[in-house]
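Q: Dropping the structure in here first, questions after.
The values are calculated or read from the model by the stated rules, or taken from the named source; none is laboratory data. Computed from a predicted structure; not experimentally measured. Because the Cβ atoms are built from the backbone with ideal geometry, glycine has one as well, and the counts that use them run over all protein chains shown.
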Amino acid sequence: MTDHATAPPISDELADAFAADGAVHLEGLFADWVDELAAGVARNEAEPSEFFDDNGTAGDAGRFWDDYCNWSRIPEFERFAFDSGIADVAAGLMRSETVQLFHEHVLVKEPGAPRPTPWHCDAPYYFVDGLQTVSIWIPLDPVPTKSTLRLIRGSHLWDEAVHPVSWTTMTGFYGDDHTTHSGGFQPAPDPDAEPDRFEVMEWACEPGDAVAFHYRTVHGARGSANLRRAFSLRMVGDDARYVQRRGTTSPPFDGHDMVDGQRLREDWFPMLPLGFG
Ligand SMILES: O=C(O)CCC(=O)C(=O)O
């Protein structure tokens, strides 16, 4: 068990907002876990995985690095996933009986990192899809509006997902290079160029706040003048199923041996405990 505060239950009003908008801001939800998660991020940086990536370019004032799928070797991440009550938050938002851990993702913008996070939605990069999905993004530093996560209201309900691209080369993630559309995908929107067409939700955050968003919600971020460490836990609910994509997904999970329509295998993607609230 844990000596940290656990997250309060999710109200119907919040779950309705999540269903309608595809994202909600939860103030102070994990403030009690910031030091532990920050220790985990430091450990992650000191002991990077094969997936560690610097998304910036040589000469940038600060790096934009990320890494993922390390929860089982970083005790601070594992404790948070299993002992923080985050699964209750995910269950409430997704209106799901079960919550399964997909993976965690660390995204760090160092002071002066100029590199924006491109507008994208996560679902097409993943081999799992469904109506009940949620990523919970938790900043570990104060984040002003100008460098916070930005999400397009209602974009999780769009018929076509945004064309997935590599964050380093910005070319088609599955090897295609269509710029206008790609087999059911639409090009990435530019909400700043078309403010009347897209409504952007963006919240200044304190350490330990949470922004929860659907895997299909289109999101991005600007560069950051300040250190902006973020820990994101990605979970799925009852209806999520394996989907075969047209190439190696991100994360890849080599040798997973699943086929279309299966629930994610529980020995790799554990069910998270519920009932902390
Ligand atoms: O932290 C960021 O800039 C982007 C986060 C993101 O894309 C995600 O958590 O899926």
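Q: Does TRP33 satisfy being at pLDDT 95 or above, assigned to a helix (DSSP H, G or I) and among the hydrophobic types (A, V, I, L, M, F, W, C)? Quick ask: steps written out before the conclusion?
A: Numbers: at pLDDT 95 or above: yes; assigned to a helix (DSSP H, G or I): yes; among the hydrophobic types (A, V, I, L, M, F, W, C): yes.
The answer is yes for TRP33.
Q: A follow-up question, please. If you scan region 128-137, which residues turn out to be surrounded by fewer than 22 Cβ atoms within 10 Å (Cβ to Cβ) and either free of Cβ contacts under 8 Å to residues at least 40 places away in the same chain or aromatic (Phe, Trp, Tyr) (or both)?
A: None; the set is empty.
Q: In region 217-254, how many are hydrophobic (A, V, I, L, M, F, W, C), within 12 Å of the ligand (Cβ to nearest atom) and under 22 Å from ALA81 (Cα atoms)?
A: We begin by selecting, within region 217-254, every residue hydrophobic (A, V, I, L, M, F, W, C); these are 218, 221, 225, 227, 230-231, 233, 235-236, 240, 243, 253.
Next cut, within 12 Å of the ligand (Cβ to nearest atom) only: 218, 221, 230-231, 233.
Next, only the ones that are under 22 Å from ALA81 (Cα atoms) stay: 230-231, 233.
Going through region 217-254 one residue at a time, the tally reaches 3.
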